[in-house]
Amino acid sequence: MKPHESCARSDRVHEANCSLLRLAAGVLRMRSAHFSRDTGLSPAAADRLANVLEGVAEGHSAFDQIDPDEAIALAHRLVDDDHPELSGMWPTR
């Protein structure tokens, strides 16, 4: 592998993860608005969590304490509708 290839791959992976986080935020908002019983979250809690996912994607310093790997794992669960409530980031009541 050429030295620049790993850097380019790293950039593509980062962009893919950011896109996934943004997509998951949108999915969460949509499910909350249309199927609130399915998410188990209040609209306000869903919006806060969506804001966190977007903040991590954008690299905002207010979300530096959030583990990006955990946020990405939650994003996968949200998009796949695979028990996102099992994530450590899922809001508790």
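Here the residues Ile72, Ile66, ranked from fewest to most Cβ neighbours within 10 Å of their Cβ, fall in the order Ile66, Ile72. In the stretch 3-86, the C-alpha radius of gyration followed by the widest Cα-Cα span (Dmax) gives 13.8, 49 angstrom. Place +1 on the Cβ of every Lys and Arg and -1 on the Cβ of every Asp and Glu in the stretch 3-86, take the dipole about the Cα centre, and give the residue among Gly40, Pro68, Leu20 whose Cα lies farthest towards its positive end. Checked the options; the winner is Gly40. Each residue in Phe35, Phe63 was given a count of other beta-carbon atoms within 10 angstrom of its own, and listing them fewest first yields Phe35, Phe63.
What ranking of Ser87, Ser42, Ser10 emerges when the number of other C-beta atoms within 10 Å of each C-beta is taken as an exposure proxy, fewest first? Walk me through the numbers on the way to the answer.
Values: Ser87 17, Ser42 13, Ser10 10.
The most exposed by this proxy come first: Ser10, Ser42, Ser87.
Our coupling estimate for the stretch 11-26, obtained by passing each phi through the Karplus curve with A = 6.51, B = -1.76, C = 1.60 and θ = phi - 60°, is 5, 5, 5, 4, 5, 5, 5, 5, 5, 4, 4, 5, 4, 4, 4, x Hz, Gly and Pro reported as x.
Rule-based calculations on the coordinates, nothing more; no lab input. Remember, predicted model here, so these are calculated numbers, not experimental data. Glycine also receives a Cβ, built like all others from the backbone with ideal geometry; neighbour counts cover every protein chain displayed.
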